[in-house]
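The values are calculated or read from the model by the stated rules, or taken from the named source; none is laboratory data. What you are looking at is a predicted structure, and each value in this text was computed from that prediction instead of being measured. Cβ: placed from backbone, ideal geometry, glycine included. Neighbour counts: every protein chain shown.
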Amino acid sequence: MTATTTPAPTIAKAPGRVPLLGHVIQLLTRPREFFNGLRDSGDVVTIGLGPARAYVVNNPALVHQILTKDVRKLDKGVAYEKSAPFLGDGLLNSSEPTHMAHRRLLQPAFHHHRIADYSRHMREAVAERTARWRDGQTLRLDQEIHGYAVTVVCRALFSSGLGDTVADEVENSLPVLLEGVKRRIAFPVGWLEKLPTPANRRFERARERLGSTLGGVIREYQRVGGEEGDLMALLLAARATDDSPAPDEGTPSGHGRTYRLTDEQIHDEAMALFLGGVETARDVLSWACHLLAEHPDVQAELAAEVDRVLAGGRALGHDVLPELDLTRRVLNEALRLYPPAWLLTRRTLTDLDLAGHHVPPGQNVLFSLYTIQRDPGIYARPDAFEPDRWAGAAGAALPRTSFLPFGAGNRGCIGEPFAWEEMLIFLAAVTHDWTLHSVPGHRIRPARSPMLSPRDLPMTVRARKHP
């Protein structure tokens, strides 16, 4: 009898590939729809990033495998490579062993007692922002939230007050930099990035301005010092350990080398904190407020929860946040529908096996959290805003491999506790004192950006009456 072998699973190819351009047009003009359309093509599908090939992974279990079990078989990939000119080699971009050494270094900054300390900055920042609002005023709520998030991160990072100039530059430069990254991901041809096009010149000017501003503030901070407990003081004082050799830094030993962060490394970690603490919070809170305005029944229920928790003059702080169950579920649902970093990239370092699919070294691997978190096989009515899907036993039964807004494994977002504190305090404070109303006739659309942001979010705010 002749033995038979089971053929290896084939990898599907996405239709519509154009020679040299690949799928760049779809990636630039309708990226989320493009990835959604690949869901039913197979667990692994190849697409064209310009002339290069990339593997899109649609199966949530395989994505979880990449983020946990196979994490050392891949590096961060094209999105992080293209953002390196302004993010550098901080936690978002770095490879091992640097990543783990710096993660251990920064972990104390996100201990629960530190998060409780940061909540004071958050409460003060939202109070200052909303104090300027007027009953019946229509404002750009996404810009208000962005200003709040910048203030929060600056006060946590530079509690001595030296962060104001950085905050201004972050608000001006980050949108330009993120737009440049989007184009570089869709068509990753290095020589094109060196051409003196208007877009490339804007990108370089924004990168240089932000780097120069942040570098100047770090040097001034080193000169005058800061306050104990702020993030910049921690970065300046911290000592990291890893097992890799490095010229002019520390002394190798059997337990690795110990070294202080350089100014460049401090810059890179500060940029990672800005991107995570500002852009992520801005996007999630903007979508959450939009969804509440579109669902006034949920907004009223949420306001009643906040009123109940803060009854008797209780302060909105770290200690009361565990009682805000619906508030957390609203944010969970906003994160599911609109994950900020909706498209993640990796690049294989070795041969990778994905349920029988072979991916060779040096290949780009992509997965869309937007697609995974709207899978109708997991989520009933996947495009509907239903915070109650996260309640009770039904919520506990949802597979966590299909909900990954903060990643997973040792590369999961170190700032997740900070982000939750920042978002819960803002949403609770706003819904306690205001109701949010959409502007009639204005359609809210996602921006074409590496981050899943609303293009603009005008909203009318009305003051709530409290007895």
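Of the strands (runs of 3 or more DSSP E) lying entirely inside region 320-411, those containing at least 1 residues that are under 21 Å from the mean Cα position of the chain (by Cα) span 343-348, 364-368. The single condition among (1) assigned to a loop (DSSP other than H, G, I, E, B); (2) closer than 20 Å to Trp287 by Cα; (3) in contact with a helix residue (DSSP H, G or I) (Cβ under 6 Å, 6 or more places away or on another chain); (4) hydrophobic (A, V, I, L, M, F, W, C) that Leu302 does not satisfy is (1). For region 57-78, indicate whether the set of residues that are in a helix (DSSP H, G or I) and at pLDDT below 85 is non-empty. Within region 57-78 (the criterion being in a helix (DSSP H, G or I) and at pLDDT below 85), the answer is yes, since at least one residue qualifies.
Among the residues of region 311-327, is any of a type in the set (Gly, Ala, Ser), crowded, with 18+ Cβ neighbours inside 10 Å and either under 16 Å from Met423 (Cβ atoms) or out of contact with any His (no Cβ under 8 Å at 6 or more places or on another chain) (or both)?
The initial filter retains those residues of region 311-327 that are of a type in the set (Gly, Ala, Ser), namely 311-313, 315, 317.
Next, only the ones that are crowded, with 18+ Cβ neighbours inside 10 Å stay: none.
Among the residues of region 311-327, not one is of a type in the set (Gly, Ala, Ser), crowded, with 18+ Cβ neighbours inside 10 Å and either under 16 Å from Met423 (Cβ atoms) or out of contact with any His (no Cβ under 8 Å at 6 or more places or on another chain) (or both), which makes the answer no.
Residues of region 257-312 that are closer than 29 Å to Leu234 by Cβ and at pLDDT 95 or above: Val284, Leu285. For region 412-456, the candidate set comprises residues that are charged (D, E, K, R) and assigned to a helix (DSSP H, G or I); within that set, the residue that is farthest from the chain's Cα centre (by Cα) is Asp433.
Scan region 404-433 residue by residue and report those that are in contact with a strand residue (DSSP E or B) (Cβ under 9 Å, 6 or more places away or on another chain) and either surrounded by fewer than 18 Cβ atoms within 10 Å (Cβ to Cβ) or charged (D, E, K, R) (or both). Passing the criteria: Gly407, Asp433.
Conditions (1) at pLDDT below 75; (2) aromatic (Phe, Trp, Tyr); (3) more than 19 Å from the chain's Cα centre (by Cα); (4) surrounded by fewer than 18 Cβ atoms within 10 Å (Cβ to Cβ), marked per residue:
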{"residue": "His112", "(1), (2), (3), (4)": "no, no, yes, yes"}
{"residue": "Asp117", "(1), (2), (3), (4)": "no, no, yes, yes"}
{"residue": "Ser173", "(1), (2), (3), (4)": "no, no, no, no"}
{"residue": "Leu178", "(1), (2), (3), (4)": "yes, no, no, no"}
{"residue": "Arg184", "(1), (2), (3), (4)": "yes, no, no, no"}
{"residue": "Asn200", "(1), (2), (3), (4)": "no, no, yes, yes"}
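Does region 345-363 include one or more residues that are within 15 Å of Trp287 (Cβ to Cβ) and of a type outside the set (D, E, K, R)? The answer is no; no qualifying residue exists.
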